[in-house]
1. Restricting attention to segment 64-94, which residues are assigned to a loop (DSSP other than H, G, I, E, B) and under 20 Å from the mean Cα position of the chain (by Cα)?
2. Considering only segment 215-333, give the helices (runs of 4 or more DSSP H) lying wholly within it that have at least 3 residues that are closer than 20 Å to Asp186 by Cα.
3. Among the candidates Leu9, Leu74, which residue alone is within 16 Å of the ligand (Cβ to nearest atom), open to solvent by less than 50 Å² (accessible area, probe 1.4 Å) and out of contact with any Cys (no Cβ under 7 Å at 6 or more places or on another chain)?
4. Residues being under 15 Å from Val35 (Cα atoms) and either within 16 Å of the ligand (Cβ to nearest atom) or not assigned by TED's automatic domain parsing to the domain that holds His187 (or both): count how many of those fall in segment 277-288.
5. Against the condition farther than 29 Å from Tyr149 by Cβ, modelled with pLDDT of 95 or more and of a type in the set (S, T, N, Q), how does Gln75 come out, does it pass?
6. Would segment 318-325 turn up any residue that is at pLDDT below 95, away from the ligand (no atom under 11 Å from the Cβ), within 19 Å of Asn48 (Cβ to Cβ) and open to solvent by less than 10 Å² (accessible area, probe 1.4 Å)?
7. What pairs come up if the first residue lies in segment 174-201 and is free of Cβ contacts under 8 Å to residues at least 60 places away in the same chain and open to solvent by 10 Å² or more (accessible area, probe 1.4 Å), the second is more than 8 Å from the ligand (Cβ to nearest atom) and assigned to a loop (DSSP other than H, G, I, E, B), and their beta carbons are under 6 Å apart, counting only those six or more places apart or on different chains?
Amino acid sequence: MAFSNIPKLSLAHAPTPIEHLPRLGEQLGTQNLWVKRDDCTGLGLGGNKTRKLEYLLAEALDTGADTVLTVGGLQSNHARQTAAAAARLGLNCELILEPVTGTPEALYHHSGNVLLNRLFGATLTLAKPGQDGIELMHQRSAALSQEGYKPFCIPVGGSNTTGALGYVECAREIADWQYRNDIEFDHIILATGSAGTQAGLLAGAALFDLSATIRGFCVSRAGEAQSELVLSLTRPLFDRLGLCDDALPARIVTDGDYVGPGYGIETEGMKHAVRVTAETEGLLLDPVYTGKAMHGLFDSYHSGFFGPDDRVLFIHTGGAPALFGYETALFGD
Ligand SMILES: Cc1ncc(COP(=O)(O)O)c(C=O)c1O
């Protein structure tokens, strides 16, 4: 089906702005650094999942769903945006949240996204250590069906070909901005986890002729494994959109050097990147995704991999609400 004909709800404030980052750029020796403010998608404090949910929840409503379920880490931004979208659409929402080993203790368990999930009226189930959240979600979905509800399960991170369409749309916005401003980006930088954002951008780049390299900084796995995950989602997305690219595997660029000890666990480089970005631009990153990607971006300048003339766009995928769960990790007790 043609991209523009695929059913989509309107949940996001879009197009999101693209802003120049002169003061951060000055620190990095460039005046060619911009940010796409997908942290400003609007719904329930925003973030990248709102774009995915516009397509996923169109599908859910089409099936007659009255309850949406999804799964994520305790401070999942995806879970929080799903809860907000469900509230907006009058759907029940059940979230299966998994503990994440090595993350901060007290605030992580009740502040940030966890607090917001409660405000949105979602039902929260905390998986026990070692329990598989996806399995729990499908068990709960089966139980809800038996009770007469119409459940709809959303995969981790909203990352299937339907969710990834949200980032095809983001690529369309970038292409439109480039045309209007007569600026073409050389590099697009993002944090990559469940891979839907990168897959969508890659498909969107093919569809709307973006020439930039799309570089994903990993937050949960090594680069090679992440590239395989991105490819496994991008291929069916290309098929769905009738796109073809024999060179696709070579276009998938990931960097696993900034994950640190693991998903959600703070690193010194992340903390530095979060602070410098806040202090120079008043821009709030997050500790789990964009902070680690920004650390990778800083290093790309420091190592000379990016030069002053490279035009670089950082996709701010959101996540700042999780900062409140990381107060002690960021500032100590
Ligand atoms: C703030 C933020 N940035 C980036 C990502 C990664 O996006 P994806 O899972 O599509 O790779 C997520 C996913 O949860 C996120 O919450």
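The values are calculated or read from the model by the stated rules, or taken from the named source; none is laboratory data. Treat the numbers as computed from the prediction; the structure is a model and nothing was measured. Glycine gets a Cβ as well: all are built from the backbone with ideal geometry, and neighbour counts include every protein chain shown. When the accessible area is computed, the model is the full protein with side chains, heavy atoms only, and any ligands, DNA or RNA have been set aside. Shrake-Rupley method; radii C 1.70, N 1.55, O 1.52, S 1.80 Å.
1. Within segment 64-94, Leu74, Gln75, Ser76 meet the criteria.
2. 248-251, 290-302
3. Exactly one of Leu9, Leu74 is within 16 Å of the ligand (Cβ to nearest atom), open to solvent by less than 50 Å² (accessible area, probe 1.4 Å) and out of contact with any Cys (no Cβ under 7 Å at 6 or more places or on another chain), namely Leu74.
4. 6
5. Criteria not met by Gln75.
6. yes
7. Matching pairs, first to second residue: Ala175/Leu210; Gln178/Glu184.
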